[in-house]
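Below: the structure, in structure tokens.
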Amino acid sequence: MNILGQSISKNSLLLGLFAVLTTGVIAGTYLSTRGLIQENIRHAEERALLQIIPKSRHDNSMLDDVDTVADSELLGLRETKKFYRATQNGEFVGAILPATARDGYTGDIDMSVGINGDGSIAGVRVLSHRETPGLGDQVDYKKSHWVDGFIGKSLNNPDESKWAVKKDKGVFDQFTGATITPRAVTAAVHRALLYFDANRTTITGIESDQEHSHE
């Protein structure tokens, strides 16, 4: 029994030492790669932003010029999210706002809406959705470039009554066999423009009198 007990104690000690060493290795690996992982995430986020407002249009880091927004009425947000500013030589170029279309065919459609300083659309990207493959999923830039149809559009171009898909007598295309998804995205982009217009000073950081002086 003594020999058996000594053997069990020895094995338990060895297992304990192995566990400690394994934990140390895992912790060391995590600490050594954490910085690299965070840097890769940052680069991925920046690449996504640059798809909407390219580097040639601004000289700041949009990831470092960030604020938060929690609007649920016009932006449709269900939680507080970040928005980003682009500037050139300290002058406001545009902002990338988060927006959610809550009336997608199968649920929320989360997107980023880039808006230029003059109130026109710089670009739109759908970030997440659960729309029907082969139909509604064409709002995804990987599937089609349909969202590019918003570029250059503003509250006055087209008129408010035309901010709709063609089936609803608007100017934007819908998809064959799918109208609900493009209708929801179109409405969400229009509401993002309304939000930008109503909160221009907060978003741009430019006082109203300064804005008018540049018009």
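The values are calculated or read from the model by the stated rules, or taken from the named source; none is laboratory data. Every value quoted in this text rests on a predicted model; they were computed, and no experiment measured them. So basically every Cβ, Gly included, is an ideal-geometry build from the backbone, and we count neighbours across all protein chains shown. These accessible areas exclude ligands, DNA and RNA; they are computed on the full protein's heavy atoms, side chains included. Shrake-Rupley method; radii C 1.70, N 1.55, O 1.52, S 1.80 Å.
Some notes on this structure:
- The residues in region 74-105 that are within 15 Å of the chain's Cα centre (by Cα), basic (Lys, Arg) and farther than 25 Å from residue 64 by Cβ can be counted, and the count is 1.
- When residues in region 103-115 are screened for being touching a residue at least 40 places away in the same chain (Cβ under 8 Å) and of a type outside the set (Gly, Ala, Ser), 6 of them pass.
- Among the residues of region 66-87, the one identified as in contact with a helix residue (DSSP H, G or I) (Cβ under 7 Å, 6 or more places away or on another chain) and more than 25 Å from residue 146 (Cα to Cα) is 71.
- For region 206-213, the criterion of being at pLDDT below 95, surrounded by fewer than 20 Cβ atoms within 10 Å (Cβ to Cβ), in contact with a helix residue (DSSP H, G or I) (Cβ under 8 Å, 6 or more places away or on another chain) and under 15 Å from residue 95 (Cβ atoms) is satisfied by at least one residue.
- Tally of residues being in contact with a helix residue (DSSP H, G or I) (Cβ under 8 Å, 6 or more places away or on another chain), in a loop (DSSP other than H, G, I, E, B) and within 13 Å of residue 48 (Cα to Cα) across region 97-144: 1
- Exclusive hit being touching a residue at least 12 places away in the same chain (Cβ under 8 Å) and surrounded by fewer than 14 Cβ atoms within 10 Å (Cβ to Cβ), set 128, 120: 128
- Of all the numbered requirements in (1) among the aliphatic types (A, V, I, L, M); (2) open to solvent by 30 Å² or more (accessible area, probe 1.4 Å); (3) more than 20 Å from residue 75 (Cβ to Cβ), residue 155 misses one, and that requirement is (3).
- Of the candidates 141, 195, the single residue that is of a type in the set (Phe, Trp, Tyr), at pLDDT below 95 and under 30 Å from residue 92 (Cα atoms) is 141.
- Only one entry in 90, 134 is without any contact (Cβ under 8 Å) to a residue 12 or more places away in the chain, closer than 17 Å to residue 60 by Cβ, surrounded by fewer than 22 Cβ atoms within 10 Å (Cβ to Cβ) and not charged (D, E, K, R), namely 90.
- Yes/no for residue 47 being part of a helix (DSSP H, G or I), under 17 Å from residue 114 (Cα atoms), modelled with pLDDT under 95 and open to solvent by 90 Å² or more (accessible area, probe 1.4 Å): yes
- Looking only at region 72-87, and only at residues there that are of a type in the set (D, E, K, R) and in a loop (DSSP other than H, G, I, E, B), the one that is least open to solvent (accessible area, probe 1.4 Å): 79
- Looking only at region 169-190, and only at residues there that are outside any loop (DSSP other than H, G, I, E, B) and open to solvent by 60 Å² or more (accessible area, probe 1.4 Å), the one that is modelled with the lowest pLDDT: 180
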